[in-house]
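What follows is a single structure, written as structure tokens, with notes after it.
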Amino acid sequence: MSTRDRGQASVLLVIVATVLSASLSVAMAGFGGRLIDRTRAQTAADAAALASLAGGSGAAQALAQRHGATLVEFTRGPGMGQVTVMVRIGDVTATAAATDAP
């Protein structure tokens, strides 16, 4: 094996490592964005559910919009102080329930 052949393996290794690193970065960015959307959607759902206890569906809608979400569903439970809301951010939905019972 000549010295000239040895250098080719090093170049190939650097190229493969660079492509692998770039692919991993792109994959993690997509996963991270989805995780952030899921967290934001759950925060919006929790806030909307709590706000709706005092202000009804209008308060839930306003708070969801303030968080960048869309109110998909609003349901009052069997008791007056029970609500369930579903919100959407992008293609992620989150549901939250709240009650004013002790």
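Protein chains only, probe 1.4 Å: how do V87, V16, V26 rank by accessible area, largest first?
Numbers: V87 0, V16 85, V26 110 Å².
Order by accessible area, largest first: V26, V16, V87.
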Inset, instruction - Express the C-alpha Rg of region 57-102 as a ratio against the empirical globular expectation 2.2 N^0.38 Å, rounded to two decimals. - result: 1.16
Inset, instruction - At 1.4 Å probe size, with no ligands or nucleic acids counted, give the accessible surface of M86 in Å², nearest ten. - result: 50 Å²
Legend entry - Most fluctuating residue given options Q42, Q82, Q61, as computed from a GNM of the chain linking Cα atoms under 10 Å: Q82
Inset, instruction - For region 31-45, just list the computed ³J(HN,Hα) in residue order, Karplus coefficients 6.51, -1.76 and 1.60, θ = phi - 60°, integers in Hz, with x standing in for Gly and Pro. - result: 5, x, x, 5, 5, 5, 4, 5, 5, 5, 5, 5, 4, 5, 5
Legend entry - Helix-only [θ]222 nm of the chain, DSSP H runs n ≥ 4, -39500 (n - 2.57) each, per residue, nearest 500: -24000 deg cm²/dmol
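Where only protein heavy atoms count, and the probe is 1.4 Å, what is the accessible area per residue for the chain in Å²?
Ligands and nucleic acids excluded, the result is 67 Å² per residue.
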Inset, instruction - Report relative contact order for the chain in percent, whole number only (criteria: Cα-Cα under 8 Å, sequence separation at least 6). - result: 24 percent
Legend entry - Fraction of accessible area attributable to carbon and sulfur, region 20-95 (%, probe 1.4 Å): 61 percent
Inset, instruction - At q = 0.11, 0.21 Å⁻¹, what is the base-10 log of I(q)/I(0) for the chain according to the Debye formula with one equal point scatterer per Cα and no solvent? Please give it to two decimals. - result: -0.48, -0.93
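The values are calculated or read from the model by the stated rules, or taken from the named source; none is laboratory data. All figures in this text were calculated on a predicted structure; none of them were measured in a lab. For the accessible areas, the whole protein counts, side chains as well, though only heavy atoms, and no ligand, DNA or RNA atoms are used. Shrake-Rupley method; radii C 1.70, N 1.55, O 1.52, S 1.80 Å.
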